[in-house]
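See below for the structure under consideration.
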Amino acid sequence: MKINWKHFAGSIFALLGFSGCENIGLGLAMYGQPSADYKLIGDVKGPDGKPIEGIRGVLAPLENDPYYNDTLYTDSKGHFEKEVLKHSWPDDLKQAKLILEDVDGPERGSFKTKTLTRSDLKVEQTRQGSGVWDYGAFTVSADVTLEKDE
């Protein structure tokens, strides 16, 4: 019996998971989604310069996309700081809005809602990414003065 080595080798390679060689040298196949880490930090004060506690902030990096919103609250010093979700693209911040609103009622005074756009936010890269899928880390900061709501 004569063995056809081509068919025999092909069968062995198929069992081992090799399907062909036509893609050799075309690059690494990667799965997942590019992302970057973000930290949101800032301070909220009233028109008198005093810190305001209990202000809710919502970072909305993408227009009309509630799935990536992050919520935070100011502490007794009017300070907020939060590691926010990983977002797909650093360019998401070009559309970013930070919405600050008084949600505790008149307890600590009433303040008008303020929406900050990308031009109001300071974005600083704090860690370089690997250049493949990791775009690095960014700090997004804002110091805000809210107006009294009469």
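Is it fair to say residue 99 is β-branched (Val, Ile, Thr) and at pLDDT below 80? Show your work before the answer.
Numbers: β-branched (Val, Ile, Thr): yes; at pLDDT below 80: no.
When the stated conditions are applied, residue 99 does not pass them.
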*For segment 95-150, which strands (runs of 3 or more DSSP E) that fit wholly inside it have 2 or more residues that are surrounded by 15 or more Cβ atoms within 10 Å (Cβ to Cβ)?*
97-102, 114-117, 134-145
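The values are calculated or read from the model by the stated rules, or taken from the named source; none is laboratory data. These numbers were taken from a predicted model, which means no experiment stands behind them. Note that each Cβ is placed from the backbone with ideal geometry, even for glycine, and that neighbours are counted across all protein chains shown.
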